[in-house]
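The values are calculated or read from the model by the stated rules, or taken from the named source; none is laboratory data. Quantities reported herein were computed from a predicted structural model and do not represent experimental measurements. Counting neighbours? That spans all protein chains shown, and the Cβs are built from the backbone with ideal geometry, glycine included. Only protein heavy atoms, including side chains, enter the accessible area calculation; ligands, DNA and RNA are left aside. Shrake-Rupley method; radii C 1.70, N 1.55, O 1.52, S 1.80 Å.
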Amino acid sequence: MRDRPDDFDEGLLRPALAAWGIEAATLDYAPVGFGDFHWIAGGRGGRRWFVTVADVRRQTFDGLRLAMETAAALREEAGLGFVVAPLRAGDGTTLRRLDARRYAMSVFPYEEGQAGDFGDEPPADERALIIDLLAELHRTPPPLPTPARPLEPAGRAALEQALGDPSLPWLGGPYARPAQELIAEYAAVLRRRLAEFDRRAAEPGEPVVTHGEPHPGNLLRAPGERLLLVDWDTVGMAPPERDLWLVARDASDLARYADATGRRPDAGALALYRLRWALDDVAEFVEWFRSPHARTPDAEQSWAALTGTLKQLADDDAAGP
């Protein structure tokens, strides 16, 4: 996030880092990613750590803890070297509460490298490397009970509420009224796409361990031509298409995955997960703009993403199956 959390006491971070045996000489806010908040901690001698603070009202503490434990086990037990997993504190935990109800913290090794952006389109040779990485992940048995990731969009209820009662004013902040008007403008499209989702929805095949968001923004090009996968908050059991729709672009990509795993991706499932992502994004932005917010860089980014996603949903709706 570009914006620092208004109601978070950054003074909590240094004492909490002691659980990892870290005495931070420097602690700098890192305006990266979207959803969580990040700092870079520097110790004496030049060592650094990547500190993530999550709002556990968005994902429950227990759910996030299980995701972090899964990522750590994939690295430690399954030996997946591309997994940038949380470090364990002195008591063996990977996630610790910072206050009674809202914020929790995890600590990661600081990795040198260059991340992409969500909308980047990797060239064919890089896609091949990402598909190989995902194939290795999908072939790996879950190292511990791993959360299931249902197909149903997580924010569907909030989206349907917004569509069902357009007269109720949105009072969250400067984007509330424009967002409400935009949702009203696209209401028919959204209802049709939700109905399409229901018609097409089916869990295709056996679930595997999936990352959930292996887009270029979560891929780190590290020294030595290594690709690392970060941000394991949404790791969970689901069909492989949950990951593949973000990467595969042509028949050769799908054939490469099939050769590596013996499992041929389903075109209908790829389209279904693409639709699910868009509907979930709209629901998340609706929730954002119905809640208290200000005119900040993060709000501006959310507004641009909402308008772009709605336009894409409409264009795909007009194009038909």
Quiz item: Once Rh for the chain is found with the Kirkwood sum over Cα pairs, what is the Stokes-Einstein diffusion coefficient at 37 °C and 0.692 mPa s, in µm²/s?
Solution: 156
Quiz item: What does segment 1-145 give for Rg and for Dmax, in Å, if only its C-alpha atoms count?
Solution: 16.3, 47
Quiz item: Taking the highest mean first, how do the peptides 219-225, 209-215 order by number of other beta carbon atoms within 10 angstrom per residue?
Solution: 209-215, 219-225
Quiz item: For L87, which sequence-distant residues (separation of 5 or more, or a different chain) have an amide H within less than 5 Å of its own amide H, given hydrogens modelled in the peptide plane?
Solution: V107, F108
Self-check item: J(HN,Hα) series, segment 228-244, from Karplus relation 6.51 cos²θ - 1.76 cosθ + 1.60, nearest Hz, glycine and proline x
Solution: 10, 10, 10, 6, 9, 4, 9, 4, x, 7, 6, x, x, 4, 4, 8, 5
Practice problem: Find the relative contact order for segment 229-311 and round it to a whole percent, using C-alpha pairs within less than 8 Å whose residues are 6+ positions apart. | Solution: 25
Quiz item: Put a dot 7 Å past each Cα toward the Cβ at E76 and A187; how far apart are the dots in nm?
Solution: 5.2
Quiz item: Residue separation times 0.36 nm, minus the C-alpha to C-alpha distance between F34 and R101: what's the value?
Solution: 22.0 nm
Self-check item: Protection-proxy order for peptides 87-94, 51-58, 4-11, each taking the mean of Cβ atoms within 10 Å per residue, highest first
Solution: 51-58, 87-94, 4-11
Self-check item: Compactness relative to 2.2 N^0.38 Å, alpha carbon Rg of segment 85-217
Solution: 1.45
Quiz item: Can you run phi through the Karplus equation (6.51, -1.76, 1.60; θ = phi - 60°) for segment 27-34 and list ³J(HN,Hα) in whole Hz, with x for Gly and Pro?
Solution: 8, 10, 5, 10, x, 10, x, 8
Quiz item: So how far apart, in nm, are the two label points at Y110 and A251 if each is 7 Å from Cα heading toward Cβ?
Solution: 4.9
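Can you give me the accessible area per residue for the chain, using a 1.4 Å probe, in Å²?
Details: 15320 Å² over 321 residues.
Per-residue accessible area for the chain comes out at 48 Å².
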Quiz item: Given R₀ = 41 Å, FRET efficiency for Q161-E10 by Cβ-Cβ distance, to 0.05?
Solution: 0.75
Quiz prompt | Whole-angstrom gap from segment 129-198 to segment 78-113, using each part's C-alpha centre | solution = 27
Quiz item: Got a number for carbon plus sulfur as a percent of segment 16-80's accessible area, 1.4 Å probe?
Solution: 48
Practice problem: Between D317 and T60, with labels modelled 7 Å along Cα→Cβ, what's the label distance in nm to one decimal, could you check? | Solution: 3.4
